[in-house]
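The values are calculated or read from the model by the stated rules, or taken from the named source; none is laboratory data. Owing to the predicted nature of the structure, the values given are computational and were not obtained by experimental measurement. Cβ atoms come from the backbone with ideal geometry, glycine included; neighbour counts cover every protein chain shown. Calculation scope for accessible area: heavy atoms of the full protein, side chains included, ligands and nucleic acids excluded. Shrake-Rupley method; radii C 1.70, N 1.55, O 1.52, S 1.80 Å.
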Amino acid sequence: MDTPFTTDHGRPIPTLHSSLRAGARGPVLMEDFLLREKLFHFDHERIPERIVHARGTGAHGVFECVRAIPELTSAGLFQKAGTQVPVFARFSTVAGSQGSKDTARDVRGFAVKFYTDQGNWDLVGNNMPVFFIQDAMKFPDLVHAVKPEADRGFPQASSAHDTFWDFISLMPESLHMILWVMSDRALPRSLRMMEGFGVHAFRLINAAGEAHFVKFLWKPHLGLQSHLWDEAVKLAGADPDFHRRDLWEAIETGDFPAWDLAIQVLTEAEAAALPFDILDPTKLIPEELVAPITIGTMTLNRNPDNHFAEVEQVAFLPSNLLPGMDFSDDPLLQGRLFSYLDTQKSRLGTANFAQTPINAPRCPMRNFHADGMMQMGRPKGRVTYEPNSLAPEPEPVFPTQPGATGSKQRPRPFADPLSQALMFWRSQSLTEQDHIVAALVFELGKVTLAAVRLRMLDCLARIDETLGGRVAEGLGAAAPTAAALPPPLLSPQLSILFRVPPVKGRVIGVLVSDGAPDAELTAVLEAAEVEGLAVKIIAPRIGGVDLASGQRLVPDLQLDGSPSVLFDAVALVVSEQGARLLAQDKAAVDFVADAFAHLKALAHGPQAAALLARAGVRPDDFILSLPAEAGRLAARVSQRHWPRNLTQTNPERT
Ligand code: HDE
């Protein structure tokens with residue numbers, strides 16, 4: 001760097017390693033303003049973390065309108081296909097604090113700031129289409145219930161504890177969301193492989209002033225994929241930063257993640273004909289009822305320069321809409337409209353937070369807001385009021401559309417909390433149902449208050465007796481009974497396993513040893529290249545191994561600290577002697593045994609027999625041989641071999 005070090009005020013200074021002292025062993029002098037400035041700044045480095053969504057990561061990118069919708073909205077962004085605007089996206093977990101793990105069972109925040117020439121549009125959504133509650137009044141209660149319990153300060157980043165389930169068991173409206181959170185959607189394989197949802201109904205207004213209800217959906221180009229619970233738990237230890245690293249590395253290597261933005265559009269009459277209230281954020285509109293229309297694509301292509309300045313300081317406001325968009329009267333959304341402004345002031349410390357570079361609009365901004373702490377602008381002129389006769393009036397650009405407002409009241413919750421919970425449950429594959437049951441058994445097993453457990457079982461049985469019965473069985477409790485609900489609409493789109501995801505963006509982990517056959521390695525590398533997959537080479541020592549040809553191979557990772565949960569599929573490229581040695585190495589045996597237990601595709605040459613035997617690997621369709629079946633390994637990298645799942649055949653369980 002050419003720029004010399006300076007004080008915060010620009011005075012050049014040398015790099016300093018010691019303070020100014022009265023003699024070599026004497027006290028530090030108060031005159032040492034350089035020490036004072038350095039410590040002063042350090043002592044003030046922290047700002048309050050977000051109350052929820054504290055742990056996040058983000059990236060810059062571009063959004064392109066791919067389908068103009070002037071018939072629906074007058075927003076400039078959607079007038080012409082091909083219009084591009086910069087975006088910043090932040091993904092987060094909800095419950096944990098900033099230093100918690102990435103792979104917690106949790107909802108993921110999916111917030112996008114679009115910097116348009118009509119100002120910033122913030123679409124502040126989640127990776128699930130519904131929410132726990134219907135009314136902002138209950139939000140502090142929900143968050144207090146899921147956060148560490150007030151007296152003991154734990155558990156961190158976990159809903160598996162008494163207060164959460166106590167609250168949930170008394171809130172029937174939360175049951176639909178609970179099934180989502182207990183499903184594999186709460187364990188995304190990658191932030192790049194999850195959907196996003198605006199959750200609330202919004203309104204789009206066209207130039208003629210006509211309004212439509214709209215729901216926003218993000219669809220990942222890499223498809224939907226999830227971790228197994230056991231992987232998520234192990235990853236929390238092996239790499240608590242798994243998701244942020246995955247996103248960072250994908251962008252660094254030019255493998256830019258992308259999502260389509262789609263809308264579900266309804267006229268007010270169509271919305272009124274839905275079997276539930278469109279203003280109810282605990283309900284989704286099945287894609288089978290209203291097909292999503294793709295209107296744009298977001299590509300994330302640049303990592304932040306500075307995590308604090310960008311990811312920490314980005315301040316989303318659901319109230320940031322474009323002209324041609326409007327809120328609905330969803331009471332949860334209404335509550336968010338003022339809550340986020342409060343949060344930003346308390347986190348960023350000043351009403352001028354919108355002037356920070358990550359938050360500032362990229363279009364001209366003009367109003368008569370004046371002064372305040374940390375004012376960065378220097379507006380010119382003597383006029384900061386209106387009406388005035390000394391400076392031109394600003395044009396009104398954001399006429400508010402009339403909503404469907406009624407008389408003032410505190411109404412009862414939206415009706416029917418159960419039928420969409422049943423739709424979600426019945427639309428899952430058997431494997432996914434197993435996972436939901438296992439998650440509920442795990443979480444409720446952590447609940448120490450028997451009355452809460454029973455109340456929760458009762459809630460589950462009211463959704464579906466089989467669901468309640470299976471969870472009761474897992475807990476060793478009596479099966480609850482309840483009246484059956486009418487059969488629901490089935491929505492296969494709600495199942496992750498309904499579709500086979502594409503293979504792009506996945507990683508093969510190749511465990512190598514000394515004397516490993518070059519041909520096997522080449523076969524894996526070539527197959528990966530054909531499919532556009534990343535490959536990580538793992539060796540017992542980071543210094544490398546000598547292949548059979550004598551060529552030195554330096555790995556990406558050392559075996560200790562690189563368990564197979566980091567990869568989507570694995571290959572064992574080892575010599576016979578290497579396999580025998582690795583069979584004595586716990587990390588290697590776990591590497592193979594975990595890949596097998598996590599139902600992954602695994603390819604190996606004949607020399608790997610000793611290691612396979614030690615790890616308990618049995619042949620099946622996803623155990624492939626090298627070099628011949630390297631292509632099949634690559635083709636199966638985004639899938640799991642569910643029939644291998646022991647829980648389905650374990651006689652103790654059936
Ligand atoms: Fe938030 N929410 N929220 N929320 N939310 C925050 O705002 C709040 C809700 C969501 O990456 C906070 O800037 C209330 C629904 C995301 O910076 C806070 C209510 C949905 C993020 C806040 C809700 C969300 C937040 C904390 C009920 C999905 C992270 C820091 C009325 C549609 C944004 C901050 C980021 C963050 C309040 C409900 C999503 C405390 C009062 C529903 C993705 O202001």
Tell me, yes or no, whether region 125-133 has at least one residue that is over 22 Å from Glu432 (Cα atoms) and in the same structural domain as Gln264 (by TED's automatic domain parsing).
yes
Return the residues of region 206-237 that are open to solvent by 40 Å² or more (accessible area, probe 1.4 Å) and aliphatic (A, V, I, L, M); say none if nothing qualifies.
Ala207, Ala208, Val233
Taking region 47-94 and keeping residues open to solvent by less than 10 Å² (accessible area, probe 1.4 Å), away from the ligand (no atom under 12 Å from the Cβ) and either polar (S, T, N, Q) or in a loop (DSSP other than H, G, I, E, B) (or both) leaves Ile69, Thr73, Ala75
Scanning for something within 16 Å of the ligand (Cβ to nearest atom) and either open to solvent by 70 Å² or more (accessible area, probe 1.4 Å) or in a helix (DSSP H, G or I) (or both), does region 323-331 turn up at least one residue?
yes
Does region 285-311 hold any residues that are open to solvent by less than 10 Å² (accessible area, probe 1.4 Å) and either within 13 Å of the ligand (Cβ to nearest atom) or touching a Gly at 6+ places or on another chain (Cβ under 7 Å) (or both), and which are they?
Met298, Leu300, Val311
Quick one: count up the residues across region 503-532 that are open to solvent by 20 Å² or more (accessible area, probe 1.4 Å) and in a loop (DSSP other than H, G, I, E, B).
6
Checking the conditions here, which among Pro12, Pro27 is over 30 Å from Gln156 (Cα atoms), at pLDDT 95 or above and not assigned by TED's automatic domain parsing to the domain that holds Ala236?
Pro27
Pairs with Cβ under 8 Å, 6+ apart, first in region 102-121 and open to solvent by 10 Å² or more (accessible area, probe 1.4 Å), second away from the ligand (no atom under 14 Å from the Cβ) and among the polar types (S, T, N, Q):
Arg105/Ser158; Arg105/Ser159; Asp106/Ser159
Looking only at region 1-45, which residues are surrounded by 10 or more Cβ atoms within 10 Å (Cβ to Cβ), within 29 Å of Ser100 (Cα to Cα) and not hydrophobic (A, V, I, L, M, F, W, C)?
Lys38, His41
Which residues, taken from region 339-363, are basic (Lys, Arg) and more than 8 Å from the ligand (Cβ to nearest atom)?
Lys345, Arg362
For region 126-165, what are the residues that are farther than 17 Å from Trp180 by Cβ, part of a loop (DSSP other than H, G, I, E, B) and within 16 Å of the ligand (Cβ to nearest atom)?
Asp135, Lys147, Ala157
Does Asp8 satisfy being more than 16 Å from the ligand (Cβ to nearest atom), in contact (Cβ under 8 Å) with a residue 24 or more places away in the chain and out of contact with any strand residue (DSSP E or B) (no Cβ under 9 Å at 6 or more places or on another chain)?
yes
What are the pairs with Cβ atoms under 7 angstrom where one residue, in region 35-52, is among the charged types (D, E, K, R) and the other, located anywhere, is not in a helix (DSSP H, G or I)? Sequence gap at least six, or different chains.
Glu37/Thr7; Glu37/Asp8; Glu49/Ser97; Glu49/Gln98
Filtered residues of region 176-216 (kept if within 14 Å of the ligand (Cβ to nearest atom) and assigned to a loop (DSSP other than H, G, I, E, B)):
Met194, Glu195, Gly198, Val199, His200, Ala201
Where in region 225-288 are there helices (runs of 4 or more DSSP H), lying wholly inside it, with at least 1 residues that are more than 16 Å from the chain's Cα centre (by Cα), closer than 22 Å to Val181 by Cα and modelled with pLDDT of 95 or more?
229-238
Using the structure shown, decide if Ser319 is within 13 Å of the ligand (Cβ to nearest atom), closer than 17 Å to Leu123 by Cβ and either of a type in the set (S, T, N, Q) or in contact with a strand residue (DSSP E or B) (Cβ under 6 Å, 6 or more places away or on another chain) (or both).
yes
Being in contact with a Gly (Cβ under 9 Å, 6 or more places away or on another chain) and within 28 Å of Val311 (Cα to Cα) narrows His200, His227, His243 down to just His200
